[in-house]
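Colleague: Before I ask anything, let me first share the structure, which is written out below as structure tokens.
The values are calculated or read from the model by the stated rules, or taken from the named source; none is laboratory data. The model shown is predicted, which means the values in this text are computed figures rather than measured ones. Glycine also receives a Cβ, built like all others from the backbone with ideal geometry; neighbour counts cover every protein chain displayed. When the accessible area is computed, the model is the full protein with side chains, heavy atoms only, and any ligands, DNA or RNA have been set aside. Shrake-Rupley method; radii C 1.70, N 1.55, O 1.52, S 1.80 Å.
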Amino acid sequence: MESPAYVLEFEKPLRELARQLDELRQRSIETHVDLATEIHAIEQKIEATRRDIYSRLTSWQKVQIARHPRRPYALDYIRALFEDFQELHGDRQFKDDQALIGGTAFFNGEAVMIVAQQKGRDPKERILRNFGMPQPEGYRKALRLMRMAEKFRLPLITFIDTPGAFPGIESEARHVSEAIAVNLREMALLRTPSISVVVGEGGSGGALGIGVTDRVLIFENSYYSVISPEGCAAILWKDNAAAPLAAAALKVSADHLESLGVVDEVIPEPSGGAHHDPAQAASALKYALQKHLNDLRALDTEKLLTARYERFRHLGVYEEAGTVRS
Amino acid sequence: MHFDKPTYTVRRSRKKDIPKGLYTKDPTTGDIVFNKEAEDNQMVAPKSGHHFPIGARARIAKLFDEGTFAEADAGVKSSDPLKFVDSQPYPERIKRYEKDSGLPEAVICGTGKILGLEVSVAVMDFRFCGGAMGAAAGEKITRAIETALDRRIPCIIFSASGGARMQEGIYSLMQMAKTSAALGRLGQAGLPFISVLTHPTMGGVTASFATLGDVILAEPGALVGFAGARVIKDTTKQTLPAGFQTAEFLLKHGLIDQIVSRLDLRERLHELLSALHLRKKTAAPAAVASS
């Protein structure tokens, strides 16, 4: 049973119906009265309400699902889809960042390199993982593992799930911006196939720092944005409460990102979000990963690198001599 | 006892600190600097050496040998792919930036000669939308890098930017990948890239091309960082120590190679590129003057 604190505002009608259903079932058992008809009616109503709510989620509601504390995190997918994950620690320079992890694993029997942003599930782990906000050392460890992937010709699979790179004094003093920038450049040149998956939050440069890949996949309720909706609202609307407006204006949700050509495929989630059925979400991801890995393995390295360059080269729309180009 | 509230005239030294009137207050010393005097000295205060921001065109005029700069891609302008509206529609903001700055975009690009050495350059200008990088700025910078690659000449980028341009959403973020990928190709071809950080350089610009220079130079006193002071404080409750995120701090902490006065930049760039690109000492043609 999920804690009531985790019920999102727009899910409250469902919560109420679930409560009524529990009550009926309880009463049916206690009174030995057959309430099957009533129970069935409520079950149908729940299903209809669920379909209704989840078929017209706003961008802001999707952001809330992407941040849901019970949403599957990278390690949940790694455990579900990969065998023998061997975590490799440290940037060999300063420390081991637990918000950005990585290592070798097998996917359907084939070796791959995994790089993943990881949030914590309980308060203690959240602190250990720095709320999923990597520091420069995380990006430098990621780069070390990416270069190892290239050296041993392992495909690279990255999991993106961060509110952003850590904006703190230590992070600045050790040049988090440079760590991200170097990854952007080196990922573009990496001589091995790469796929990134936005599993939760795609928070700006912190996300892109492991996201310059041949394919970019995103879960249906994940988001990817240049700035958090709250941050944008504070700057442009001068009001944090305008975050829902900012989320819509920024077009942060998966369907928008697909139509803008920024992501290659949207991976469907179970109704209500991946946390309602993590196994089903993992299974959808497995199918997509296998398909894209097969496609990428068929390309020779030069073609792969050209296609990757062109993929990012043409993202963006501008005007030139009166015509709109990208 | 009662004191009258003292009256001060506060001169804000932010976006608009390119002097408009007759004189400007030097924020480091409080001295009065005559605008004409500053303009004649590339916006460097003659006495204190304080660097006021300089516009892209004024910088270009002093950087290149006379008559050698050829502007490129002046027709590349911002579009509004997201149909972004906050308190006003994005296209209206663009029109205002164009009018206020007299520039077509937040970056001016082209090729020219520095003491006889040909380079491809991109010069950002903070007056246009705070130098924010959208798709047009990203495209122009990427083309400047690709021009260097095609013509096998060095590339120099002067950054001055608050970061990514929010009104272009995810596309503005992707300009970081686009420009960095182009620099990857430039580097593979063995062509030098010098990044010059000017006041201020923040956010997505710092986290992409600006920190990818083979050599990273900064102007004195330039504010350079990833997250702004407010974001750092909101997220971590930390208050930034004095002098944090300045060029001087970053030199000490190993990010940048040198702090160079604007007045010395032309010669310094030539010296560095003579070493990295020509690989031999070249006498700067004595008679070559900047325009």
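Colleague: Please state which one of B:Gly67, B:Gly30, B:Gly112 is assigned to a strand (DSSP E or B) and either over 17 Å from the mean Cα position of the chain (by Cα) or aliphatic (A, V, I, L, M) (or both).
Modeller: On inspection, the qualifying residue turns out to be B:Gly112.
Colleague: State which residue is farthest from B:Thr142 (Cα to Cα) when the search covers only region B:70-92 and only residues that are open to solvent by 40 Å² or more (accessible area, probe 1.4 Å) and in a loop (DSSP other than H, G, I, E, B).
Modeller: The initial filter retains those residues of region B:70-92 that are open to solvent by 40 Å² or more (accessible area, probe 1.4 Å), namely B:70-71, B:73-74, B:77, B:83, B:85, B:87-89, B:91-92.
Filter once more, keeping what is in a loop (DSSP other than H, G, I, E, B): B:73-74, B:83, B:87-88.
Details: B:Asp73: 11, B:Ala74: 14, B:Lys83: 24, B:Ser87: 31, B:Gln88: 29 Å.
Filtering first and then ranking leaves B:Ser87.
Colleague: If you don't mind, there's one more thing I want to ask. Would you check if there is a residue in region B:126-144 being of a type in the set (S, T, N, Q) and within 14 Å of another protein chain (Cβ to nearest Cβ)?
Modeller: Let us first name the residues in region B:126-144 that are of a type in the set (S, T, N, Q), namely B:142.
Right, trim to within 14 Å of another protein chain (Cβ to nearest Cβ) and you get B:142.
For region B:126-144, residues of a type in the set (S, T, N, Q) and within 14 Å of another protein chain (Cβ to nearest Cβ): present.
Colleague: Show the residue pairs that are 6+ apart or on different chains and have beta-carbon atoms under 7 Å apart, the first residue being within region A:233-245 and surrounded by 14 or more Cβ atoms within 10 Å (Cβ to Cβ), the second being of a type in the set (Phe, Trp, Tyr).
Modeller: A:Ala243/A:Trp60; A:Pro244/A:Trp60; A:Leu245/A:Trp237
Colleague: Which of the residues spanning region B:222-260 are more than 12 Å from chain A (Cβ to nearest Cβ), assigned to a loop (DSSP other than H, G, I, E, B) and at pLDDT 95 or above?
Modeller: B:Ala222, B:Asp257, B:Val260
Colleague: Tell me, yes or no, whether region A:17-31 has at least one residue that is within 30 Å of A:Gly200 (Cα to Cα), out of contact with any Pro (no Cβ under 6 Å at 6 or more places or on another chain) and either surrounded by 13 or more Cβ atoms within 10 Å (Cβ to Cβ) or in the same structural domain as A:Gln280 (by TED's automatic domain parsing) (or both).
Modeller: yes
Colleague: So for region A:134-143 (the condition being open to solvent by less than 10 Å² (accessible area, probe 1.4 Å), out of contact with any helix residue (DSSP H, G or I) (no Cβ under 9 Å at 6 or more places or on another chain) and not small (Gly, Ala, Ser)), does at least one residue qualify?
Modeller: Initially, region A:134-143 is screened for residues open to solvent by less than 10 Å² (accessible area, probe 1.4 Å), giving A:134, A:136-139, A:141-142.
Filter again for out of contact with any helix residue (DSSP H, G or I) (no Cβ under 9 Å at 6 or more places or on another chain), leaving A:141.
In the following step, the residues that additionally are not small (Gly, Ala, Ser) were identified as A:141.
Yes; the residues of region A:134-143 include at least one that is open to solvent by less than 10 Å² (accessible area, probe 1.4 Å), out of contact with any helix residue (DSSP H, G or I) (no Cβ under 9 Å at 6 or more places or on another chain) and not small (Gly, Ala, Ser).
Colleague: Out of the residues in region A:172-196 that are under 18 Å from A:Thr162 (Cβ atoms) and of a type in the set (A, V, I, L, M), which is farthest from the other protein chains (Cβ to nearest Cβ)?
Modeller: Looking at residues that are under 18 Å from A:Thr162 (Cβ atoms) and of a type in the set (A, V, I, L, M), I get A:Ile195.
Colleague: Here are A:Ala80, A:Ala142: which of them is touching a strand residue (DSSP E or B) at 6+ places or on another chain (Cβ under 7 Å) and not in a loop (DSSP other than H, G, I, E, B)? Please lay out each step first, then the result.
Modeller: Details: A:Ala80 fails: touching a strand residue (DSSP E or B) at 6+ places or on another chain (Cβ under 7 Å).
Going through A:Ala80, A:Ala142 in turn, the sole match is A:Ala142.
Colleague: For region B:93-100, indicate whether the set of residues that are open to solvent by less than 70 Å² (accessible area, probe 1.4 Å), within 30 Å of A:Gly261 (Cβ to Cβ) and more than 20 Å from the chain's Cα centre (by Cα) is non-empty.
Modeller: Just the residues of region B:93-100 that are open to solvent by less than 70 Å² (accessible area, probe 1.4 Å), to begin with: B:93-94, B:97-98.
Add one more test, that the residue is within 30 Å of A:Gly261 (Cβ to Cβ), and what stays is B:93-94, B:97-98.
Add one more test, that the residue is more than 20 Å from the chain's Cα centre (by Cα), and what stays is B:93.
For region B:93-100, residues open to solvent by less than 70 Å² (accessible area, probe 1.4 Å), within 30 Å of A:Gly261 (Cβ to Cβ) and more than 20 Å from the chain's Cα centre (by Cα): present.
Colleague: Which residues, counting only those in region A:205-228, are in contact with a Pro (Cβ under 8 Å, 6 or more places away or on another chain) and either over 13 Å from A:Arg71 (Cα atoms) or β-branched (Val, Ile, Thr) (or both)?
Modeller: The answer is A:Gly206, A:Gly209, A:Asp214, A:Ser228.
Colleague: What are the residues in region A:242-280 that are within 14 Å of another protein chain (Cβ to nearest Cβ) and modelled with pLDDT under 95, if any?
Modeller: none
Colleague: May I pose another question? Take the residues in region B:145-174 that are closer than 26 Å to B:Leu269 by Cα and assigned to a helix (DSSP H, G or I), then tell me which one is farthest from the other protein chains (Cβ to nearest Cβ). Give the derivation first.
Modeller: Here is the first cut: in region B:145-174, the ones closer than 26 Å to B:Leu269 by Cα are B:145-163.
Restricting the remaining residues to those that are assigned to a helix (DSSP H, G or I) gives B:145-151.
Details: B:Ile145: 11, B:Glu146: 9, B:Thr147: 14, B:Ala148: 15, B:Leu149: 12, B:Asp150: 14, B:Arg151: 19 Å.
Only one residue tops the list, namely B:Arg151.
Colleague: Can you tell me which residues in region A:179-204 are in contact with a Pro (Cβ under 8 Å, 6 or more places away or on another chain), surrounded by 24 or more Cβ atoms within 10 Å (Cβ to Cβ) and not in a loop (DSSP other than H, G, I, E, B)? So that I can check it myself, show each step before the final result.
Modeller: Taking region A:179-204 and keeping what is in contact with a Pro (Cβ under 8 Å, 6 or more places away or on another chain), we get A:179, A:192-195, A:199, A:201, A:203.
Filter again for surrounded by 24 or more Cβ atoms within 10 Å (Cβ to Cβ), leaving A:179, A:193-194, A:199, A:201, A:203.
Across region A:179-204, the qualifying residues are A:Ala179, A:Ser194, A:Val199, A:Glu201, A:Gly203.
Colleague: Among (1) buried (at least 23 other Cβ atoms within 10 Å of the Cβ); (2) among the β-branched types (Val, Ile, Thr); (3) over 30 Å from B:Val85 (Cβ atoms), where does A:Thr301 come up short?
Modeller: (1)
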